[in-house]
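Just below is one structure, and these are the notes that go with it.
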Amino acid sequence: MEKFAQQIVNGLSQGSIYALIALGYTMVYGIVKLINFAHGDIYMIGAYVGFAVTTFTRFGHSRFGFIAALVIAMVACAVLGVCIERIAYKPLRNSSRIAVLITAIGVSLFLDYTLMYFVGAGTRSYPPGVLSDRSFTVGGVVIKYQQVIVVLVSIALMILLQFIVKKTKQGKAMRAVSFDKEAAQLMGINVDRTISFTFLLGSALAGAAGVMVGIYFNSIDPLMGMMPGLKAFVAAVFGGIGSIPGAMVGGLSIGVIETLVAGYGGSLYRDAAVFAILILVLIIKPTGLMGKSTGSKV
Amino acid sequence: MGSKKKGLARGVGVLTWKNLVIFLVTLAAFAIVQALRYLGWINDVYESTLALICVNIILAVSLNLITGFTGQFSLGHAGFMALGAYTCAIVVGYYPTVPGFLIGMLAGGVLAMIFGILIGFPTLRLKGDYLAIATLGMAEIIRVVIQNMNITGGASGLFSNKSMATWPWLFLFTAITILVINNFVKSSRGRACIAIREDEIAAESMGINSTKYKVMAFAIGAFFAGIGGGLYASYFFVIKPTTFSFLMSINILVIVVFGGLGSISGSVISATLLTLLTNFFTISPPVNVFGLFTIDFSRVNMIIYALLLIIIMLFRPKGLMGTTEIGDLFKRQRWRRKSQERVE
């Protein structure tokens, strides 16, 4: 039972990171119907920005190193996400889906290998002491402060996102565009700006996830974004693509399931388990846990 | 116009001028490469490039049947390729002879086809991106399972010390793949597949059993992906699970899209061009640009490749050939010439 609880704790902190990445996928998919393959790489860039801030600047060594790294990485990733959208995706708004998808893959490879060219392919680790690596025990379950912070920051960011989407004018525009692009345009909503704003939000969350992964697992490399990117997409599909609460639930579930499989002897089959779940979900309930089904029109 | 074609042009069975020309061109291509090999102009590096071109052509043409002609977006071709590669390598490991190689190729293709059918039935109900993700997941599962089996050598992969797939075999298998898929696409079944790509609901209401034809295309595509994988394994000695990752599926898809979805000759041309390009970058020494700075292509090849992808999609999203074939270009020209003559 203790082991099970321990796995749940580990799974939740892993899962909240997946959830942060999955939110970007689900928002972008909801609004432009694009699997943004470059999203995992934005997360990777976020991790590297955080690394640079904590290692090379004076902020990084102060008490506010973590906050500084988090905020700067989020801003950098938001700018990057909007630039990518403007340069690579916007001209293809009316092209076939496959053309946009190939472009997204191109952007993803470009980010990976350009960064690799400059920083090398090796792994790097954050300087020690950005966050306290102490831990405390509750009923035999070891909980690290880092895990608590990862979960708390994720929850805070998700609440913030939910507030932006539900309560602000820009969020209302986002929901309108994802519901019906043409109708939204007729109502005077600037669709291009709304799409850019969606990329901005998603990329900022991915940047935050990158910094937290860098601190929590303490190892970053230029190709780190691929697998978590795919898994976060699985999480988004699992929760119901296009649904923000779905992405959160999906991310947490995938994280917990993955940790449980790994914890109970299947560590080699961890990735396979995630994809098997994906295929099962797609076959049984293709709209995911919280997705709405839309009938096909003739 | 009006006058019936005579003699060979009208065709007796397969014996038409067109088929004769195609046969002669194929024979000439083979003869030229064979002659160059005897003259010693093709060294090992060039030959491995040729082998890679053949494998890529097989993979691209088979994926084109699924994605280009039937319109089913698959990101899992590397999984089928892995099945073929490992089956062939294991069989050749036990029987390192030519019959063993042929049995291995066939077994690999058939195994990939069985998997294609098994996976196709449930997943081909999905549409568009969902299907892409499901096939991607399928390929990843295949890779992880291979990585954890004993018979496949786990993460370190399989080694063999004898290359069974010589150039004539590579050429033969490539020619067979193109021939079979080309004929399938032009048959009534192939037309049914194209109808499904154009509009699935309309095709169904015309009495086409869409599931049947989708699974059929998927199975044939998987079979030839297995063949391609088998050739890859037999030519390059070493296969590792990491070879057949997500990136391999992407590479094949890129070849198909670059050549044009729904154009077999487009796939052949783009497989040749892209393989030559990547190989050139990998082996090219650093190039000095006007004495200003040096470009080390082997370090930037992936960056150039990525930029190329983005630029091609921005400026020519239909790919090189669109849905036309090489033959159509000649046809149109001849037709133009004739219509010009008539005007004069």
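Looking at B:Thr135, B:Thr177, which is the one that is of a type in the set (Ser, Thr, Tyr), in a helix (DSSP H, G or I), open to solvent by less than 40 Å² (accessible area, probe 1.4 Å) and within 14 Å of another protein chain (Cβ to nearest Cβ)? Break it down stepwise before answering.
Details: B:Thr177 fails: within 14 Å of another protein chain (Cβ to nearest Cβ).
Answer to the check: B:Thr135.
Applying the set (1) away from chain A (no Cβ under 14 Å); (2) in contact with a Ser or Thr (Cβ under 8 Å, 6 or more places away or on another chain); (3) in a helix (DSSP H, G or I) to B:Pro168 leaves exactly one unmet item: (2).
In the range B:221-238 there is no residue matching the filter, namely being of a type in the set (A, V, I, L, M, F, W, C), part of a helix (DSSP H, G or I), more than 14 Å from every other protein chain (Cβ to nearest Cβ) and out of contact with any helix residue (DSSP H, G or I) (no Cβ under 8 Å at 6 or more places or on another chain). Looking at the range B:249-261, can you tell me whether even one residue there is farther than 13 Å from B:Val55 by Cα and away from every other protein chain (no Cβ under 14 Å)? No, the range B:249-261 contains no residue that is farther than 13 Å from B:Val55 by Cα and away from every other protein chain (no Cβ under 14 Å). Restricted to the range A:135-188, the set of helices (runs of 4 or more DSSP H) holding at least 1 residues that are without any contact (Cβ under 8 Å) to a residue 24 or more places away in the chain, closer than 19 Å to A:Leu23 by Cβ and within 17 Å of the chain's Cα centre (by Cα) comprises A:145-167.
Residues checked against (1) touching a Gly at 6+ places or on another chain (Cβ under 7 Å); (2) open to solvent by 20 Å² or more (accessible area, probe 1.4 Å):
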| position | (1), (2) |
| --- | --- |
| B:Val98 | no, yes |
| B:Gly109 | yes, no |
| B:Leu124 | no, no |
| B:Glu140 | no, no |
| B:Asn150 | no, yes |
| B:Lys162 | no, yes |
| B:Leu170 | no, no |
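To keep it simple, each residue is scored yes or no on (1) of a type in the set (Ser, Thr, Tyr); (2) in contact (Cβ under 8 Å) with a residue 60 or more places away in the chain; (3) in contact with a helix residue (DSSP H, G or I) (Cβ under 6 Å, 6 or more places away or on another chain); (4) away from chain A (no Cβ under 14 Å).
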site: B:Gly108; (1), (2), (3), (4): no, yes, yes, yes
site: B:Pro122; (1), (2), (3), (4): no, no, yes, no
site: B:Lys127; (1), (2), (3), (4): no, no, no, no
site: B:Ala139; (1), (2), (3), (4): no, yes, yes, no
site: B:Phe159; (1), (2), (3), (4): no, yes, no, yes
site: B:Met164; (1), (2), (3), (4): no, yes, yes, yes
site: B:Ile181; (1), (2), (3), (4): no, yes, yes, yes
site: B:Lys186; (1), (2), (3), (4): no, no, no, yes
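Only one residue in A:Ser62, A:Ser13 is small (Gly, Ala, Ser) and open to solvent by 30 Å² or more (accessible area, probe 1.4 Å). Which one? Even if it seems obvious, please write down each step before you answer.
Numbers: A:Ser13 fails: open to solvent by 30 Å² or more (accessible area, probe 1.4 Å).
Exactly one of A:Ser62, A:Ser13 is small (Gly, Ala, Ser) and open to solvent by 30 Å² or more (accessible area, probe 1.4 Å), namely A:Ser62.
Residues in the range A:228-264 that are charged (D, E, K, R) and under 11 Å from A:Leu12 (Cα atoms): 1 in all.
Being hydrophobic (A, V, I, L, M, F, W, C), within 14 Å of chain B (Cβ to nearest Cβ), on the phi < 0 side of the Ramachandran plot and crowded, with 24+ Cβ neighbours inside 10 Å is a property that holds for A:Ala38. Considering B:Leu20, B:Leu75, B:Leu63, B:Leu83, the condition of being within 30 Å of B:Arg191 (Cβ to Cβ) and surrounded by fewer than 15 Cβ atoms within 10 Å (Cβ to Cβ) is satisfied by B:Leu20 alone. Among the residues making up the range A:189-231, a single one is of a type in the set (Gly, Ala, Ser) and over 19 Å from A:Tyr48 (Cα atoms): A:Ser196. Do we have any residue at all in the range A:54-76 that's in contact (Cβ under 8 Å) with a residue 12 or more places away in the chain, in a helix (DSSP H, G or I) and farther than 23 Å from A:Tyr145 by Cβ? Yes; the residues of the range A:54-76 include at least one that is in contact (Cβ under 8 Å) with a residue 12 or more places away in the chain, in a helix (DSSP H, G or I) and farther than 23 Å from A:Tyr145 by Cβ. With respect to the stated conditions, A:Met44 is in a helix (DSSP H, G or I), buried (at least 16 other Cβ atoms within 10 Å of the Cβ) and in contact with a strand residue (DSSP E or B) (Cβ under 8 Å, 6 or more places away or on another chain). Candidates in the range A:85-104 are the residues that are more than 8 Å from chain B (Cβ to nearest Cβ) and open to solvent by 20 Å² or more (accessible area, probe 1.4 Å); of these, the one that is farthest from the chain's Cα centre (by Cα) is A:Asn94.
The C-beta contact set for the range A:1-23 (first residue of a type outside the set (Lys, Arg), second residue part of a helix (DSSP H, G or I) and surrounded by fewer than 16 Cβ atoms within 10 Å (Cβ to Cβ), distance under 6 angstrom, 6+ apart or interchain) is empty.
The values are calculated or read from the model by the stated rules, or taken from the named source; none is laboratory data. Because the structure is a prediction, the values reported are computed rather than measured. All Cβ positions, even for glycine, are placed from backbone atoms using ideal geometry, and neighbour counts span all protein chains on display. Ligands, DNA and RNA are excluded from the accessible area calculation, which covers all protein heavy atoms including side chains. Shrake-Rupley method; radii C 1.70, N 1.55, O 1.52, S 1.80 Å.
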